[in-house]
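Shown next, in structure tokens, is the structure this report addresses.
Just so it is clear, none of the values below were taken in a lab; they were calculated from the coordinates. Note that the structure is a prediction, hence the values are computed from the model and not measured. No Cβ is skipped: glycine too gets one built from the backbone with ideal geometry, and neighbour counts run over all protein chains shown.
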Amino acid sequence: MSSIDWNDLYRTTFPELVRFLHRKVWDAERARDLAQEAFVRALQHEPKKPRAWLFQVAANLARDEARTAIRRKKHLVLLKSDVEASGASVLGDPEAQLAEKERWGAVRQALDSLSEKDREALLLWDAGQSYTEIARQLELAVGAVGTTLARARKRLAEAYNERESEDVDVARR
């Protein structure tokens, strides 16, 4: 018999897992589906460390899905803004909606330009994972996580700023 309180684990972990997956698959509905799939698998396997196990399985599911999409030459769905994903809306202001979509598109491109390790570190941290959990999933020493995150954040900011500079240059022409 399992001593895991699955209801509590689901309530506390599901939103973080969906946010983590959303930044991998760029589709809020698909992220929820993959999170559900991770929980179904967890119930079948009853892992000793279910939270870490869930994030690892979710990352694998997202990676498998991306490989499938590439093989079929489908493009990933463009990022819907977090505002839209959370249920809030800027429907009354089309300019604000477009600006938000463009901003998140730039964030997505910046994230996509990072190495897999940097991207994973940032997404795991954003999903609320502890340094210990991040270290375990990325096969790093716990002490290296902070440095990895700092460098990844710097690279993300540089990639984002580079993208923004390119957009400004194009707009000036």
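Ordered by residue, what ³J(HN,Hα) values in Hz, to whole numbers, does the range 110-116 give under the Karplus form 6.51 cos²θ - 1.76 cosθ + 1.60, where θ = phi - 60° and Gly and Pro are x?
5, 4, 5, 7, 6, 5, 4
Using a Förster radius of 45 Å, what is the FRET efficiency between Ala66 and Asp5 based on their Cβ-Cβ separation? Nearest 0.05, please.
Efficiency, rounded to the nearest 0.05: 0.90.
Order these peptides, 8-17, 114-123, by their mean beta-carbon neighbour count within 10 angstrom, highest first. Show your work: numbers first, answer last.
Details: 8-17: 16.0, 114-123: 18.1.
For the peptides 8-17, 114-123, the packing ranking is 114-123, 8-17.
How many nm is it between the label spots at Asn161 and Asp112, if each spot is 7 Å from the Cα in line with the beta carbon?
Label at Asn161, label at Asp112, 2.3 nm between them.
Among Val145, Val107, Val40, which comes first, second and so on when ranked by fewest other beta-carbon atoms within 10 Å? Please list the in-between numbers first.
On the way: Val145 22, Val107 18, Val40 11.
In increasing order of surrounding Cβ atoms, one gets Val40, Val107, Val145.
If you split all Cα-Cα distances of the range 100-173 into 5 Å bins from zero, what percentages do you get per bin, shortest first?
3, 17, 24, 20, 14, 10, 7, 4, 2, 1
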